[in-house]
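Below: the structure, in C-alpha cells.
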Amino acid sequence: MNDCVFCKIAQGEIPADKIYEDDNFFAFLDINPVNYGHALVTPKNHYENIYSLPDEILCNIGLLVKKISIAVKQGVNANGINIIMNNDGAAGQIVPHAHFHIIPRFANDGLWHWPGKSYPNKEEPAKIAEKIKGSF
Ligand code: 5GP
Ligand code: ZN
C-alpha cells in the first residue's frame, strides 16, 4: 500500500522509534502516546484489520504482543498493560494497517475505561447472544 504510513515505517521510509523487528513484524513507539512507552505492533505486510489478517499472522502476532507487553512493562516500570486493537473507523481506527496498541498503565495514572451501560430489560442479553451465535 503506497500511501500507508505504517507500511512506510516498516520499510524505513518514515522514521520511528523501533523497539522490535523480525522478518514479518515490526514494533515501534506511538508518536502520540497515552502513556510513555505506548507501543504499536504491526505485521510488515499490509492488512487492513483483524478481519483480513491471515490466521498464521494473527497467531504469531499474538505471541509477539505477549512478548512486547512484558518488555514494555519492565522497560518503563509499568504497573499494568492495556492491549487494544481498533478495527474500523467506528471503533477508532485511524491508520488502516492492522496494529495492536500496547499501553503501559500506572497506578493512579488518571485514565479510566469506557463507561458501562445496562441492558434495557432482562430478555435483551439473550436476544443479542442469539444474534451473535447465528453469525458464525
Ligand atoms: P488507531 O486509532 O488507528 O488504532 O491508532 C493509530 C495510532 O498510530 C495512533 O495512536 C497514532 O498516534 C499513531 N501514529 C499515527 N501516525 C504515526 C506515525 O507517523 N508514527 C508513529 N510512531 N505513530 C503514529
Ligand atoms: Zn500498510
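Structure data summary
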| item | result |
| --- | --- |
| Test: residue in the range 72-93 that is within 13 Å of ligand 2 (Cβ to nearest atom) and of a type in the set (V, I, T) | no |
| Among residues of the range 2-37, those that are within 14 Å of ligand 2 (Cβ to nearest atom) and on the phi > 0 side of the Ramachandran plot, counted | 1 |
| Check on Y47, open to solvent by 80 Å² or more (accessible area, probe 1.4 Å) and among the aromatic types (F, W, Y) | no |
| Residue within the range 52-63 that is loosely packed, with under 15 Cβ neighbours inside 10 Å, within 15 Å of the chain's Cα centre (by Cα) and within 15 Å of ligand 2 (Cβ to nearest atom) present | yes |
| Criterion (of a type in the set (V, I, T) and open to solvent by less than 40 Å² (accessible area, probe 1.4 Å)) met by exactly one of I128, I102 | I102 |
| Which listed residue, of I94, I103, is within 16 Å of ligand 1 (Cβ to nearest atom), under 17 Å from the mean Cα position of the chain (by Cα), within 30 Å of F6 (Cα to Cα) and free of Cβ contacts under 8 Å to residues at least 12 places away in the same chain | I94 |
| Number of the exception - H97 against (1) within 16 Å of ligand 2 (Cβ to nearest atom); (2) surrounded by fewer than 17 Cβ atoms within 10 Å (Cβ to Cβ) | (2) |
| Hits in the range 118-136 - residues which are farther than 28 Å from Y51 by Cα and among the basic types (K, R) | K122 |
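Rundown of residues vs (1) among the small types (G, A, S); (2) without any contact (Cβ under 8 Å) to a residue 24 or more places away in the chain; (3) buried (at least 16 other Cβ atoms within 10 Å of the Cβ), yes/no style:
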| position | (1), (2), (3) |
| --- | --- |
| N2 | no, yes, no |
| I14 | no, yes, no |
| F25 | no, no, yes |
| D30 | no, no, yes |
| G37 | yes, no, yes |
| L40 | no, no, yes |
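The values are calculated or read from the model by the stated rules, or taken from the named source; none is laboratory data. This structure is a prediction, so every number in the text was calculated from the model and none was measured. Glycine also receives a Cβ, built like all others from the backbone with ideal geometry; neighbour counts cover every protein chain displayed. Quick note on the areas: whole protein, heavy atoms, side chains included, nothing else; ligands and nucleic acids left out. Shrake-Rupley method; radii C 1.70, N 1.55, O 1.52, S 1.80 Å.
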